[in-house]
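All remarks here apply to the structure that follows.
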Amino acid sequence: MLRKALFPSQKTDKDGNQVSYDPQEEIAKEISLQARYRSDFADLAKSYSEANNKDDGGELGWGDKSGKTAILADLWDPISKLHRASTPT
């Protein structure tokens, strides 16, 4: 988890114009790039996350369809497909 910056930063774009940006987006892009090239998610979470569970590698525990550990309903189908694909037959 990364929080948006409270105040945007300024930088000069390729045309020489001052533009506002959220520096957290740059960090998110770096994390995404590292994840794409097989960096361990837990290591990335420990290094970059701002969540309380960062020391646990971003571990959230079991998710449910409702309650405190609820996962968005539109994610259940993709999660089920991933689970079926990873379960030995």
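Filter the stretch 6-32 for residues that are of a type outside the set (Gly, Ala, Ser), open to solvent by less than 100 Å² (accessible area, probe 1.4 Å) and closer than 23 Å to Ser47 by Cα and give the result. Correct list: Pro8, Tyr21, Asp22, Pro23, Gln24, Glu26, Ile27, Glu30, Ile31. Does Lys46 satisfy being open to solvent by 50 Å² or more (accessible area, probe 1.4 Å), of a type in the set (Lys, Arg) and farther than 29 Å from Ser80 by Cβ? So Lys46 does not fit the description; no. Taken over the stretch 1-23, residues that are aromatic (Phe, Trp, Tyr) and within 18 Å of Glu50 (Cβ to Cβ) amount to 1. Considering the conditions (1) modelled with pLDDT of 80 or more; (2) loosely packed, with under 10 Cβ neighbours inside 10 Å; (3) not in a helix (DSSP H, G or I), Asp74 is excluded by exactly one of them, (3). Once the stretch 14-29 is narrowed to residues that are among the acidic types (Asp, Glu) and at pLDDT below 90, the residue that is nearest to the chain's Cα centre (by Cα) is Glu25. A single member of Lys14, Lys68, Lys4, Lys46 is in a helix (DSSP H, G or I) and basic (Lys, Arg), and it is Lys46.
The values are calculated or read from the model by the stated rules, or taken from the named source; none is laboratory data. Just so we're clear, the structure is a prediction, and the values are computed from it rather than from any experiment. Don't worry about glycine lacking a Cβ; one is built from the backbone with ideal geometry, like all the others, and counts go over all protein chains shown. Surface areas here come from the heavy atoms of the whole protein model, side chains and all, with no ligands, DNA or RNA. Shrake-Rupley method; radii C 1.70, N 1.55, O 1.52, S 1.80 Å.
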